[in-house]
Amino acid sequence: MPGSIEPLDLCNVQVPYYFRCPISLELMRDPVTVSTGQTYDRTSIESWAATGNTTCPVTRAPLSDFTLIPNHTLRRLIQDWCVANRAFGIERIPTPKQPAEPGMVRSLLNQASTVSNPFSVRHSALVRLKGLARESEKNRSVICSHEAREILMRILFSDVSSGSSELSQEALAVLVMFQLTESECTGIGSDSNRVVYLSELLFHSSIEVRVNSASLIETVLAGMRSSDLRAEICNVDEIFAGVTDILKNLSSYPRALRIGVRALFALCLLKRTRHKAVQAGAAETLIDRLTDLDKCDAERALATIELLCRIPSGCSAFASHALTVPLLVKTILRISDRATEYAAGALMALCSESEQSQKDAVSAGVLTQLLLLVQSDCTDRAKRKAQMLLKLLRDSWPEDSIGNSDDFACSEIVPF
């Protein structure tokens, strides 16, 4: 073993030095050979090249090109070694999927975008692109580097009455896997025909199409700076109805829940159209789905609840749901600091408007929760909201339960 390389043990088994990447010194999982003949782990050499290095890390010789050739022989030897030492707890490295070749990506994009091609050829190309994009971030980067977003948007918003609706839906499925630029988002959001088309897809018979449409709407809303353009999108009633229906009826699909919450949050950031969310039944649906969400999605849902509680119709809708106040009280200090802050803000809004909500909060044990919150390491914003709520509910406790609280202004929701 070369003296410069210290022994590496996995599960108390020494790893042969020629199985280790010269850059990371870790066991190679996807060995590739560069133009100088040296072999490295793919992730390590790609990171090396991405930082601007143009020489071979071992020989320091210039790399004539950055083509990475998979070293299948070495990878199989490493896998065999892993299997031979399985008794010591070493797991076999999986056979890596090779990244998409740029030439193949160009060919697929050309096949998909050529209108004169048969439907089957275009459709097959889009399906293959979707599969490649799903495999890895590397593949998505390769696809994106060939002006894929522009091509996909052109296919998506082509004349669907010509019988190319399936092509449009496949293009949508690929497009939602990429981040759009502000100009691309504006190009979609400023075209009423495109917005209406996306709103129609929210009610498609295919669950994937519905969720993909909601995903693209959320991406467009988040990617535009113009509040006027966002308002134009939010003024389409069918969008609120479609997104709310996804949350309401597709709860057994984790991706549908995640995208639905994200889209509804983006729609509700604009105050002037929040009443449309209430009219679509978003308040009841958010409460019904709150316990089904993971941490990040629950935070967004609670942020959306607080936003909707800032309008009278939203307060009324949440107050009329028997589980709203108990769930919000239970959420305090349970999920995260952010979730606690949003729950306290929503409770503050509800209790300010309804005596019944105050009674419900007391019955749910909000006093204990708020006192714990004030003494916790939670955010200052959450503590200020808790103190305001304690002051508001002061008459509901015995006189000696709490002292006077300073009056603090309610803060804005922190963007995601």
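A few comments on the model shown:
- Full extension of the segment from Glu238 to Arg154, taken as 0.36 nm per residue of separation minus the current Cα-Cα distance, would add 27.9 nm.
- Convex hull volume per residue in cubic angstrom - Cα atoms of the chain: 208 Å³
- The slack between Thr181 and Arg310, meaning 0.36 nm per residue of separation minus the straight C-alpha distance, is 43.3 nm.
- Site pair Arg92 and Thr59 shows an inter-label distance of 3.4 nm when each label is modelled 7 Å from Cα along Cα→Cβ.
- Burial ranking of peptide ranges 306-312, 83-89, 277-283 (average Cβ count within 10 Å, highest at the top): 277-283, 306-312, 83-89
- For segment 181-319: rounded, prolate or oblate by the Cα gyration tensor [a/c cutoff 1.5]: oblate
- Whether segment 1-116 is rounded, prolate or oblate, judged on the alpha carbon gyration tensor where a/c under 1.5 counts as rounded: oblate
- Per DSSP, loop trypsin sites (Lys or Arg not before Pro) in segment 312-400 with at most 13 further Cβ within 10 Å: Arg334
- Rg and Dmax of segment 267-376, Cα atoms only, in Å: 12.8, 39
- Residues Ile207, Ile45, sorted by accessible area with the largest first, give Ile207, Ile45 [1.4 Å probe; ligands and nucleic acids excluded].
- Rounded to the nearest 10 degrees, the angle from helix 207-223 to the longest Cα principal axis of the chain is 80 degrees.
- Spacing of the two label points (7 Å from each Cα toward its C-beta) at Lys391 and Cys144, in nm: 4.7 nm
- Protection proxy ranking of 26-32, 259-265 - average other beta-carbon atoms within 10 Å, highest first: 259-265, 26-32
- What the chain shows is 49 Å² of accessible area per residue, with the surface traced by a 1.4 Å probe over protein heavy atoms.
- Carbon-plus-sulfur accessible fraction, the chain (probe radius 1.4 Å, protein heavy atoms only): 49%.
- A Förster distance of 30 Å, applied to the separation of the beta-carbon atoms of Leu372 and Ser252, puts the FRET efficiency at 0.30.
- Virtual spin-label span in nm between Gln79 and Ser136, 7 Å along Cα→Cβ: 1.5 nm
- Ser116/Glu208 FRET efficiency (R0 25 Å; Cβ-Cβ; nearest 0.05): 0.35
- Angle in degrees between helix 192-201 and the longest Cα principal axis of the chain, rounded to the nearest 10: 90 degrees
- Rounded FRET efficiency, nearest 0.05, which uses the C-beta distance separating Thr291 from Thr379 and R0 of 25 Å: 0.60
The values are calculated or read from the model by the stated rules, or taken from the named source; none is laboratory data. As the structure is a computational prediction, the values presented were derived from the model and not from experiment. In this analysis, Cβ positions are derived from the backbone assuming ideal geometry, glycine residues included, and neighbour counts consider all displayed protein chains. These accessible areas exclude ligands, DNA and RNA; they are computed on the full protein's heavy atoms, side chains included. Shrake-Rupley method; radii C 1.70, N 1.55, O 1.52, S 1.80 Å.
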